[in-house]
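Notes follow once the structure below has been shown.
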Amino acid sequence: MPDIFIEGGTVITLDKERRIIKDGAIAIEKDRIIDVGKTSELKDKYVGDVVIDATSMIVMPGLIDCHVHLAQAMLRGCADDLDLIHWLADRIWPLQGNYTEEDGRVSAELCILEMIKSGTTAFVETMIHTRYGFDGIAEVVEKSGIRAALAKTIMDRPSYSTAEGVMHPGMVETQESLDEAVRLFHKWHGKADGRIMVWFGPRTVGGCSPELYREIGEKARELGTGVTIHHSEVKENVEYTLREFGMYPTYFMKEVGLLGPNVLLVHSVWVRDDEIRLMAETRTNACHCPAAAMKCALGYPPVVKMLEAGVAVGLGCDGGPSNNTYDMIREMRLACLLQKIHSMDPKALPAETVLEMATLHGARVLGMEKELGSIEIGKKADIILIDTKRPHMTPVHNPVSNVVYSACGEDVHTVIIDGKIVMRDRKVLTLDEERIIAEARERGAEVVRRAKVDVSPRWPVL
Ligand SMILES: [Zn+2]
């Protein structure tokens, strides 16, 4: 007898044939999908402990956010309309450099709450600084029920490409950050029924010596875990590696042993065609963050070229000050629109492709393509239900179009992760929403005060 039986929904399976099942049903036992098909065919076979009526709902795989800064959720609206170097040096680093472990925990709670409420069931956190309190954040992941790859910050140089020596002292870590990452790997990797993975998060070029990058790559391969790093996000990154090492950033990554199927390069805006080929040949993964690319004016990432080359390209919401939401549904829409205007071709990056990026490609990025990314027998039950009984979701001629072009995170009704109902009828069952919002407001204001950074509105406030 299944633990959960979902019936009567429009199921976008993302299976090999990309079937969409009208009046579809899904049977879930423990953490796995044990059957999927027409409700009429499955209803006589299964009686679930919990039956979820999915009438007027789109049922689909949970979304995978491949680039998240948990600590930045509390910095929403703190750094708008600035160029990236000043955005980092004048706002983000001084603010984050004043975080306490409690701030790190509450920001993670806020971020994960927002992600669950908008249909994200798994994410990659790119750089957890020691001062945010890795243990506290991992505990929040465990409690919330979400799935996550948590990357510990690793660095031995307080700089970012050309901006030498500008890093706030509170953000600096030393070579020991690699030992710390290894210690945290042994402590947390595979915990929470396997929902927690510990990756390595080296800083962007300029933040590590070539020797440290090499050690990170070797250690990650030895432990069989992932590495994620910001890559060619601004032109300065390219100028930096050309000047310092005489090579383009992707070749530098190859040189230090940081290309491969366990590596996730984020942004990859300023990559040439030969660098894309190199990524494809080495089966290195990519992550596209359309909102950040536009808001911070990073540039146009060559997403279509990467996909054509066979690179797995996940989607990411990035952070509170660069997006400023963690809503993967809105992110899918932006990804489509950005590629269309960039190529002046409305056929570029169709809705179906971006939905694959947010699910199947995300699963590849996590190294979990056999477990996640689609609704198929034997896969993990990471499933979301989206309510279509809303004016902006009516009518439903093509459910994929509704999800990508019409919906937003607020339309997500129910979230199941690892076979457990984490949100039902928009109520998150694992986290105290009211307490988290109250605490995040208070702590967000306190961090700004402590850092003495002026984030007041540009218009007079009475
Ligand atoms: Zn980022």
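All of the numbers you see were taken from the coordinates with simple rules; none came from a lab. All figures in this text were calculated on a predicted structure; none of them were measured in a lab. Glycine gets a Cβ as well: all are built from the backbone with ideal geometry, and neighbour counts include every protein chain shown.
Quick notes on this one:
- Distance between the C-alpha centres of the stretch 388-462 and the stretch 266-280: 33 Å, rounded to the whole angstrom.
- Exposed loop sites are taken as GluC sites (Glu not before Pro) in a DSSP loop (any state but H, G, I, E or B) with at most 15 other beta carbon atoms within 10 Å; the longest stretch of the chain without one runs 165-375.
- Cα gyration tensor, the chain - rounded (a/c under 1.5), prolate or oblate: prolate
- Cut-off 19 Å (backbone N to label point 7 Å along Cα→Cβ of Lys452), residues of the stretch 74-89: 89
- Between the amide H of Trp199 and those of Leu150, Ala151, Lys152, distances stay under 5 Å, these residues lying 5 or more places away or on another chain, with hydrogens modeled in the peptide plane.
- Pairs of Cα atoms nearer than 8 Å and 6+ residues apart set the relative contact order; for the stretch 342-447 it is 19 percent.
- Counting only cysteine Cβ atoms and a cutoff under 4.7 Å, the chain contains unmatched residues Cys78, Cys111, Cys208, Cys289, Cys296, Cys317, Cys336, Cys408.
- Vicinal HN-Hα couplings computed from phi for the stretch 48-56 (Karplus, 6.51 cos²θ - 1.76 cosθ + 1.60; Hz; Gly/Pro x): x, 4, 10, 10, 10, 7, 9, 4, 6
- Exposure proxy shown here: for Met60, Met294, Met344, the number of other Cβ atoms within 10 Å sets the order, fewest to most, as Met344, Met294, Met60.
- Here the scattering of the stretch 405-462 is modelled by Debye summation over its C-alpha atoms, one equal scatterer each and no solvent; at q = 0.26 Å⁻¹ the log10 of I(q)/I(0) is -1.04.
- Table column - 3J(HN,Hα) (Hz), the stretch 377-387, Karplus curve with 6.51, -1.76, 1.60, x for Gly and Pro: 4, x, 7, 4, 8, 10, 9, 10, 10, 10, 7
- Among Phe185, Phe134, Phe123, the ranking by other beta carbons within 10 Å of each residue's beta carbon, starting with the fewest, stands as Phe185, Phe134, Phe123.
- Basic side chains Lys and Arg get +1 at the Cβ, acidic Asp and Glu get -1 at the Cβ, and with that the dipole of the chain about its Cα centre reaches some 520 debye.
- The alpha carbon radius of gyration of the stretch 52-101, expressed as a multiple of 2.2 N^0.38 Å, is 1.81.
- Dipole orientation for the chain: of the candidates Val106, His413, Thr430, His413 has the Cα lying most toward the positive pole (charges on Cβ; Lys, Arg +1; Asp, Glu -1).
- Built amide H within the under 5 Å cut-off of Tyr160, gap 5+: Gly165, Val166
- Label-to-label distance, nm, for residues given as Glu102 and Glu352 (7 Å Cα→Cβ offset): 5.3
- Cβ-based exposure ranking for Cys408, Cys317, in which fewest neighbours within 10 Å come first: Cys408, Cys317
- Prolate/oblate/rounded call for the stretch 254-406, Cα gyration tensor, a/c under 1.5 rounded: oblate
- Evaluating kT/(6 pi eta Rh) at 4 °C and 1.567 mPa s, with the Kirkwood radius of the stretch 259-340 over Cα pairs in the Stokes-Einstein relation, gives 102 µm² s⁻¹.
- When only Cα pairs below 8 angstrom with a gap of at least 6 residues are kept, the chain shows a relative contact order of 21 percent.
- The modelled label-to-label distance for the pair Lys38/Lys187, using points 7 Å beyond Cα in the direction of Cβ, is 5.4 nm.
- Rounded FRET efficiency, nearest 0.05, which uses the C-beta distance separating Arg441 from Ile341 and R0 of 22 Å: 0.05
- Cα extents of the stretch 165-288 along the three principal axes, largest first (Å): 41, 36, 24
- For the stretch 69-86, 3J(HN,Hα) per residue [Karplus equation, 6.51 cos²θ - 1.76 cosθ + 1.60, θ = phi - 60°, Hz, x = Gly/Pro]: 10, 4, 5, 8, 4, 7, 9, 3, x, 8, 7, 8, 6, 10, 6, 4, 5, 6
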